[in-house]
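Everything on this sheet refers to the single structure shown next.
The values are calculated or read from the model by the stated rules, or taken from the named source; none is laboratory data. As the structure is a prediction and not an experimental result, all values here were calculated from the model. A quick note on method: Cβ atoms are made from the backbone with ideal geometry, for glycine too, and the neighbour counts reach across all protein chains shown. Surface accessibility is based on the protein's heavy atoms, side chains included, excluding ligands, DNA and RNA. Shrake-Rupley method; radii C 1.70, N 1.55, O 1.52, S 1.80 Å.
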Amino acid sequence: MKLLVQKFGGTSVRDQESRSRAISHIKNALSEGYKVVVTVSAMGRKGEPYATDTLLDLIQFPESKVSDREQDLIMSCGETISSVVFSNELTREGVSAAALTGAQAGFLTTDDFTRAKILRMDPTRILAELEKNDVVVVAGFQGKTESGDTTTIGRGGSDTSAAALGAALSADYIDIFTDVEGIMTADPRLVESARALHVVTYNEICNLAYQGAKVIHPRAVEIAMHAKVPIRVRSTYSDSTGTLVAASKEGEAGNDLPDRLVTGIAHMSGLTQIKVQSKEDPSRLQSEVFKSMAEANISVDFINISPSGVTYTIDGMFTERAVGILNDLGYDPEIKAGCAKVSTVGAGITGVPGVTAQIVQTLIERGVQILQSADSHTTIWVLIKEEDLIDAVNALHDIFQLNKE
């Protein structure tokens, strides 16, 4: 059986017009002889009635008093609604379709509520439905535990659901449909000269995704890479083939893609930098601070540890909670809200001298203050004020000539 897995995100299913475009892609796949398993996100974004963030507002997240298990119950509703609405519209268009929840589709997860991991996939029910229907619509982002509790698998979970389905069903391709033409060299909302990449390796897109490129979740890429299922990142609103994510050049199995010096510029905004210093017992501080953040379910990033203290970033929405925890421990943290992390990503950076110097010089010339920096073999990060974000991303995009093929 020829099989595609197609994922449509929140903007692709938010209204009738967008869903009609999505259905046209499904019909094209059916005309090419494929059966299609569709994964859908909740409809729309915050403020729209069935979006996940709108549902969370009903319980005053992040200050809600419900348990994580109960939070998963409400968060899973958006995708379930979306799957039934989408299946209904496919049927109205003359396409035989059935809707399944994540649990019905065979997603068995850990009981780490709000951030569950997929333990295994049992596609038996999906395969049975494909015997009767051309399309199966699966609610993304969700599964169930061994004991039957509903779980969600973290933000970006619909991408992960699609990748898990593609791997379990040995799909020909996993198509991730979004509102841009493919994987871009930078966020086109910030950089007018950003362009779509025709082909990227799994490793390149993993690095971009982990650093804030929101077009696909890195866990999804890792699952697809392990199963050797190629991904195509495409626009819902055009017939472009988008970006192919694979291990080698298209049509030339066994030949690695050449390393680009820089593949793209990614960013994360809405961050808060926290500095905690102690003259008495810095080793206790280091352990105590990060343990307290973990116990409060606050994810930390961009960590620098020095003999006198620690510096790290968190999502800005958790600033008040984090400061309260640190105050209770007897610390007086230095807080810098309104920060952004800008990441220069490229497999070709490894071992090439002068890249960091180029980044620093470029930002200095633009008057952008660097608050913190770090690097790895393939990524160089800088933390800046969010007000400088557009200048910084455009400057780095220009200096590495990413607008050119």
Check which residues have an amide H placed less than 5 Å from Asp175's amide H, if you skip close sequence neighbours.
Val5, Gln6, Lys7, Arg232
Taking 7 Å along the Cα-to-C-beta vector as the label spot, tell me the Ser238-Arg189 distance in nanometres, rounded to one decimal.
1.8 nm
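Taking the DSSP beta bridges in the chain as the whole, what percent of them are antiparallel, to the nearest 5?
Around 60 percent antiparallel, to the nearest 5.
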Taking the full set of protein chains and a 1.4 angstrom probe, give the accessible area of Ile349 in square angstrom, rounded to the nearest 10.
10 Å²
Which parts of region 387-405 would a label at Gln358 reach, counting a residue when its backbone N lies under 20 Å from a point 7 Å out along Cα-to-Cβ?
391-405
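Give the average over all directions of the projected area of the C-alpha convex hull of the chain, one decimal, in nm². Display every interim value, and only then the final one.
On the way: hull surface 83.4 nm².
Across all orientations, the chain yields a mean hull projection of 20.9 nm².
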Provide the FRET efficiency to the nearest 0.05 for the Gln277-Ser299 pair, computing r from the beta carbons and using R0 = 25 Å.
0.70
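Which entries of Lys214/Lys291; Lys144/Lys291; Lys228/Lys336; Lys214/Lys275 have Cα-Cα distances beyond 31 Å here? Before the final figure, lay out the partial values.
On the way: Lys214/Lys291 28 Å; Lys144/Lys291 28 Å; Lys228/Lys336 43 Å; Lys214/Lys275 28 Å.
The pairs that break the limit, which is 31 Å between Cα atoms, are Lys228/Lys336.
Roll a 1.4 angstrom probe over the protein heavy atoms and tell me the percent of accessible area of region 296-346 that is carbon or sulfur. Before the final figure, lay out each step's value.
Details: 1130 of 2270 Å².
Carbon with sulfur: 50 percent of the solvent-accessible area.
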At 1.4 Å probe size, what's the solvent-accessible area of Asp149? Round to the nearest 10 Å².
50 Å²
Roughly how big is the chain's charge dipole about its Cα centre, with Cβ charges of +1 (Lys, Arg) and -1 (Asp, Glu), in debye to the nearest 20?
540 debye
Within region 75-99, name every residue whose backbone N is under 19 Å away from a label modeled 7 Å from Cα of Ile59 along the Cβ vector.
75-82
Which value, in Å² rounded to 10, gives the accessible area of Arg155 with a 1.4 Å probe and all protein chains present?
130 Å²
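How far, in nm, would the chain grow between Val84 and Phe290 when pulled straight, counting 0.36 nm per residue and subtracting the alpha carbon separation?
69.9 nm
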Whole Å is fine, so just give me how far the alpha carbon centre of region 339-405 lies from that of region 3-36.
37 Å
Could you state the accessible area per residue of region 320-405 in Å², with a 1.4 Å probe and every protein chain left in place?
50 Å²
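Just subtract the alpha-carbon distance of Ser306 and Ala247 from 0.36 nm times their residue separation and send over the number in nm, one decimal. Spell out each step's value before the answer.
Values: separation 59, 0.36 × 59 = 21.24 nm, distance 3.87 nm.
Full extension from Ser306 to Ala247 adds 17.4 nm.
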What is the gain in length, in nm to one decimal, between Lys404 and Lys117 on full extension, counting 0.36 nm per residue of separation less the C-alpha to C-alpha distance?
99.4 nm
From the protein chains alone at 1.4 Å, what is the descending order of accessible area for Asp175, Asp187, largest first?
Asp187, Asp175
